[in-house]
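Worksheet for the structure shown next.
The values are calculated or read from the model by the stated rules, or taken from the named source; none is laboratory data. What you see is a predicted model, and the numbers here were worked out from it, not measured in a lab. Cβ: placed from backbone, ideal geometry, glycine included. Neighbour counts: every protein chain shown. These accessible areas exclude ligands, DNA and RNA; they are computed on the full protein's heavy atoms, side chains included. Shrake-Rupley method; radii C 1.70, N 1.55, O 1.52, S 1.80 Å.
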Amino acid sequence: MDYFERRVRRILERARVKSGDRLLVAISGGKDSAALVEALSVLRGSIGYKLAAIHIDLGIGEYSRKSREAALKEASRHGIPLIIVDLREVLGVGIPELAKLTKRPPCSVCGLVKRYVLNAAAVEWGASYLVMGHNADDMAAYALKAFMSQDLESLSKLGPVTETVPGLAVGRLRPLYMLSEKETFIYSMLRKASFTMDECPHVNRRQVEIVLKRAVGFIESRMPGFKVQLLGNLARRYTDYPKPKEPLSRCPSCGLISSGGECSFCKLTRRALGEPMGPRMRAYIRQKLHELGLEVAGEN
Ligand code: Q46
Ligand code: ZN
């Protein structure tokens with residue numbers, strides 16, 4: 001457990017997290033984010049940051065019900081305020097319906113919605129960082145995928161710490177960057193964390209990231225240390241990769257980051273539901289912050 005927490009601490013130190021900083025941790029209900037919450041709760045005492053959590057109820061039947069229950073248990077175990085964003089409550093639909101309405105694969109819609117909601121909540125709370133539970137196996141697969149397609153701009157965002165764009169986007173912190181899926185699982189078991197092992201019914205086993213993750217596991221079994229070496233090298237060099245070329249702009253509908261014109265969430269919801277839902281989502285999150293007694297950035 002000490003080994004695990006030392007590695008998490010190293011990433012927090014690299015990001016210069018200090019007393020009073022606000023860390024918003026994303027909890028999916030799975031083992032990775034549960035392990036992350038455990039380690040962040042342990043380290044909170046000595047560093048003195050403020051911790052809040054967010055869970056998105058994706059509206060995917062039994063899977064979402066169990067995930068939400070696990071997230072609630074995990075957050076309340078440590079007295080961490082939990083923002084639950086229920087998509088059906090805000091948008092009137094969940095991920096399966098949004099995918100049908102836009103004729104896009106569920107995972108592509110889901111990824112877009114999650115990115116938007118997490119960033120919106122971090123901006124509204126004025127978080128110093130949005131903390132994500134990606135482990136070394138996830139990161140190695142993402143890095144290989146970006147390298148395969150020579151998507152150098154994505155590589156520039158795959159380090160353990162990413163930059164904040166004030167008022168538009170909050171930087172991300174990935175404290176499990178150098179910790180494998182197996183280590184994360186063992187740690188969450190030792191800490192008796194609450195999580196679900198259920199899998200989303202929409203998961204596609206042929207998805208590139210999933211195939212690459214299996215391949216990384218195979219290489220690691222033949223070349224122990226491969227993953228850590230790959231990620232260690234990337235962690236030293238990711239800022240050298242070119243940053244996205246499009247100038248950053250502000251979505252005219254919701255005011256958050258976009259790569260020109262309306263942001264992808266407002267575009268998607270306009271197409272599926274007839275109006276851009278960014279403003280409604282932001283108001284819903286502010287309401288949740290008030291209910292939890294958390295400050296809303298810019299309201300003081
Ligand atoms: S939750 Fe969402 Fe995953 Fe389900 S719809 Fe796909 S992306 S598989 S992590
Ligand atoms: Zn928008």
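Among the numbered conditions (1) open to solvent by 60 Å² or more (accessible area, probe 1.4 Å); (2) free of Cβ contacts under 8 Å to residues at least 12 places away in the same chain; (3) outside any loop (DSSP other than H, G, I, E, B); (4) not polar (S, T, N, Q), tell me where GLU275 comes up short.
For GLU275, the failing item is (3).
If you scan the range 224-271, which residues turn out to be within 16 Å of ligand 1 (Cβ to nearest atom) and open to solvent by less than 20 Å² (accessible area, probe 1.4 Å)?
Passing the criteria: PHE265, LEU268.
Sort through VAL203, VAL208 and tell me the only one that's more than 25 Å from LEU152 (Cβ to Cβ), away from ligand 2 (no atom under 16 Å from the Cβ) and out of contact with any strand residue (DSSP E or B) (no Cβ under 6 Å at 6 or more places or on another chain).
Just one listed residue meets the conditions, VAL203.
Results for (1) within 16 Å of ligand 2 (Cβ to nearest atom); (2) assigned to a helix (DSSP H, G or I), shown as yes or no for each residue.
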{"position": "ALA52", "(1), (2)": "no, no"}
{"position": "ARG65", "(1), (2)": "no, yes"}
{"position": "GLU69", "(1), (2)": "no, yes"}
{"position": "ILE80", "(1), (2)": "no, no"}
{"position": "LYS100", "(1), (2)": "no, yes"}
{"position": "SER108", "(1), (2)": "no, yes"}
{"position": "LEU112", "(1), (2)": "yes, yes"}
{"position": "ARG115", "(1), (2)": "yes, yes"}
{"position": "ALA120", "(1), (2)": "yes, yes"}
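Could you go through the range 244-255 and let me know if any residue there is within 30 Å of LEU72 (Cβ to Cβ) and hydrophobic (A, V, I, L, M, F, W, C).
Within the range 244-255 (the criterion being within 30 Å of LEU72 (Cβ to Cβ) and hydrophobic (A, V, I, L, M, F, W, C)), the answer is yes, since at least one residue qualifies.
So, in the range 200-235, exactly how many residues are part of a helix (DSSP H, G or I) and more than 22 Å from the chain's Cα centre (by Cα)?
Selection size over the range 200-235: 10.
Only one residue in GLY94, GLY111 is within 13 Å of ligand 1 (Cβ to nearest atom) and open to solvent by 10 Å² or more (accessible area, probe 1.4 Å). Which one?
GLY111
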